[in-house]
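Following: one structure in structure tokens, then a few remarks.
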Amino acid sequence: MSGTLYLVPTPIGNLGDISRRIADTLEQADFIAAEDTRVTLKLLNHLGIKKPMVSYYRHNTAAGGEAVLRRLLSGESCALVTDAGTPAISDPGEELVAECVARSIPVVSIPGPCALITALAASGLPTDRFTFEGFLPMNKKNRRERLSELRGEGRTMLFYEAPHKLCATLADLSETFGSDRRIAVCRELTKLHEEILRTTLDQAVAHYAQNPPKGEFVLVVEGCQAEKTESVTLEDGVRRVLALREEGLSLKDATRQAAAETGLPKNELYQLVLKG
Ligand code: SAM
């Protein structure tokens, strides 16, 4: 009979978040598959646990996965851990779980630390329906395309982001979703310098222009509030810009407001109005 794969979350910053079940599972597994064995060794030392470890990280999921699967099939149990948070969530694990499921190897997911859920719960934004978008593409064009697909998304959206890309991403979010869209920028969750900035996209851009981003971030972005966004066309958007112009707004402000109201792309609206 095969062993069980346990998905074991580890703290995203605060060692106090290790539950008894997390510690017991690490203690009782026959071996641990770790994203970085040096990081996990520190955690095991903290818990006073000695356990054989193998590497299972993003670039060895094929070979590492085969080795883990062989041992599971021979009856050993494995605890899969990553450097921080829940395995398989923007972290190695997805393929291994799929392989286990395909081979009828039991998979047990232990609940525990996860940055996205921690951020969502504290964001102050709607939590009833949300979409997790993970990391946006590195390439600017691909990132903008991905965001453009989310233009009419009505659910709360969550993104993981690295500090060195935060300012560019906030600017793209503001450009795509409108400067007034609400955001909760969740930084260093569970850590000493935990901070949640609940604001609008333009304010977030301004804040981080003054305060260079440091640490780890989850961005929780309000969904599109425009009613029936799917029926709002670019022509509707252009008409709205022109109406706002007649009310006395500058072209720039009118475009920004129309884009925020409709969820349509500010740049496209601007160009269309210019073309007449
Ligand atoms: N599997 C992990 C989880 O369950 O949250 C996520 C791993 S992913 C490689 C790392 C990203 O998660 C970071 O770049 C950041 O966006 C987010 N993250 C992790 N820890 C965080 C923390 N303490 N505060 C804010 N964001 C965090």
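Quick notes
- Test result for residue 172, more than 17 Å from the chain's Cα centre (by Cα), acidic (Asp, Glu) and either at pLDDT 95 or above or buried (at least 16 other Cβ atoms within 10 Å of the Cβ) (or both): no
- Of all the numbered requirements in (1) closer than 18 Å to residue 178 by Cβ; (2) open to solvent by 60 Å² or more (accessible area, probe 1.4 Å); (3) touching a residue at least 12 places away in the same chain (Cβ under 8 Å), residue 153 misses one, and that requirement is (2).
- Residue match in the stretch 111-121 (condition: touching a residue at least 24 places away in the same chain (Cβ under 8 Å), more than 27 Å from residue 155 (Cα to Cα) and of a type in the set (Val, Ile, Thr)): no
- Taken together, 166, 189 contain a single residue that is open to solvent by less than 80 Å² (accessible area, probe 1.4 Å), farther than 20 Å from residue 223 by Cα and within 16 Å of the ligand (Cβ to nearest atom), which is 189.
- Only one of the listed residues (236, 180, 202, 253) is acidic (Asp, Glu) and not in a helix (DSSP H, G or I). That residue is 180.
- Residue in the stretch 243-263 that is within 19 Å of residue 116 (Cβ to Cβ), more than 16 Å from the ligand (Cβ to nearest atom), open to solvent by 70 Å² or more (accessible area, probe 1.4 Å) and in contact (Cβ under 8 Å) with a residue 12 or more places away in the chain present: no
- Filter pass, residue 23 being part of a strand (DSSP E or B), open to solvent by less than 40 Å² (accessible area, probe 1.4 Å) and either modelled with pLDDT under 95 or closer than 30 Å to residue 192 by Cβ (or both): no
- Hits in the stretch 220-233 - residues which are at pLDDT 85 or above and open to solvent by less than 50 Å² (accessible area, probe 1.4 Å): 220, 221, 222, 223, 224
- When the criteria are applied in full, residue 202 meets the requirement of being in contact (Cβ under 8 Å) with a residue 24 or more places away in the chain and out of contact with any strand residue (DSSP E or B) (no Cβ under 9 Å at 6 or more places or on another chain).
- Criterion (aromatic (Phe, Trp, Tyr) and buried (at least 17 other Cβ atoms within 10 Å of the Cβ)) met by exactly one of 130, 135: 130
- Residue in the stretch 163-177 that is in contact (Cβ under 8 Å) with a residue 12 or more places away in the chain and outside any helix (DSSP H, G or I) present: no
- Across the stretch 50-65, the qualifying residues are those that are open to solvent by less than 70 Å² (accessible area, probe 1.4 Å) and hydrophobic (A, V, I, L, M, F, W, C), and the one among them that is farthest from residue 26 (Cα to Cα) is 54.
- If you go through the stretch 6-15 and keep only what is open to solvent by 60 Å² or more (accessible area, probe 1.4 Å) and within 14 Å of the ligand (Cβ to nearest atom), you end up with 14, 15.
- Candidate set from the stretch 66-87 (those that are surrounded by fewer than 18 Cβ atoms within 10 Å (Cβ to Cβ) and of a type in the set (Gly, Ala, Ser)); member that is nearest to the ligand (Cβ to nearest atom): 67
- Residue count for the stretch 205-225, restricted to those that are within 16 Å of the ligand (Cβ to nearest atom) and part of a helix (DSSP H, G or I): 1
The values are calculated or read from the model by the stated rules, or taken from the named source; none is laboratory data. Please read all numbers here as calculations on a predicted model, not as lab measurements. Here the Cβ is made from the backbone with ideal geometry for all residues, glycine too, and neighbour counts use every protein chain on show. These accessible areas exclude ligands, DNA and RNA; they are computed on the full protein's heavy atoms, side chains included. Shrake-Rupley method; radii C 1.70, N 1.55, O 1.52, S 1.80 Å.
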